[in-house]
Every structure is written in C-alpha cells, then in structure tokens.
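Take a look at the following structure, please.
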Amino acid sequence: MSKDFEDFRRKLNDNPKIMEEIFEKRFKKKNIVDNVSAMPNVMFDMIEQYHVWLNESESND
C-alpha cells in the first residue's frame with residue numbers, strides 16, 4: 001500500500017492523542033500572542049510526525 005497525506009490525516013483523526021501531545025507541548029501560555037507565535041512550531045511538529053509515519057514500516061499501520 002502506498003502512503004499518502006490522506007492516510008496520515010486519517011491516522012491523526014483516529015489517534016487524537018498525537019495532536020493533544022503537540023498542543024500540550026506548544027500551547028502552554030494562555031495569551032493569544034504566545035499561542036499565535038507557537039503555530040509555526042505546531043506545524044513543524046506535525047510535519048515531523050508525518051515524516052516519522054512515512055518512515056515506519058507499512059506493517060505498523
């Protein structure tokens with residue numbers, strides 16, 4: 001099976017803990033300025049998770 005971004009999106013939807021961990025890590029502050037500033041880091045974390053998922057063996061899906 002070939003992996004694509006839709007498969008990854010489904011994995012995130014099926015495993016909300018992944019996003020919860022990213023949000024907990026990045027959104028520690030309560031003010032909007034810090035949260036907006038954290039958005040690039042959230043995107044980086046999601047891209048990192050995508051690459052981890054792409055490099056997993058397909059039997060682990």
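Please treat every number below as a calculation from the coordinates, not as lab data. These numbers were taken from a predicted model, which means no experiment stands behind them. Virtual Cβ from ideal backbone geometry, glycine too; neighbours counted across all protein chains shown.
Ignoring everything except DSSP H segments at least 4 long, calculate the 222 nm mean residue ellipticity for the chain; use -39,500 (n - 2.57) per segment, divide by total residues, nearest 500.
One gets -24000 deg cm²/dmol as the mean residue ellipticity at 222 nm.
Mean Kyte-Doolittle hydropathy of 0.0 or higher plus an axial Cα length of 30 Å or more: which whole DSSP H helices in the chain meet both?
Membrane-span-like by this rule: 32-55.
May I pose another question? Return Arg26, Arg9 ranked ascending by Cβ neighbour count within 10 Å, so the fewest neighbours appear first.
Ranked by crowding around the Cβ, least crowded first: Arg9, Arg26.
Which of the chymotrypsin sites (Phe, Trp or Tyr not before Pro) found in the chain are loop residues per DSSP with 16 or fewer other Cβ atoms within 10 Å of their Cβ?
Working: sites: Phe5, Phe8, Phe23, Phe27, Phe44, Tyr50, Trp53; in loops: Phe27.
Answer by residue number: Phe27.
Continuing with this model, one more query. Under 23 Å Cα to Cα from Lys28, which lysines show up? Leave out anything in the same chain fewer than 8 places away.
Within the straight-line cut-off, Lys28 pairs with Lys17.
Within the chain, report the GluC sites (Glu not before Pro) that DSSP leaves as loop and that have at most 12 other Cβ atoms within 10 Å. Please list the in-between numbers first.
Details: sites: Glu6, Glu20, Glu21, Glu24, Glu48, Glu56, Glu58; in loops: Glu56.
For GluC sites (Glu not before Pro) across the chain that sit outside H, G, I, E and B with at most 12 neighbouring Cβ atoms in 10 Å, the list reads Glu56.
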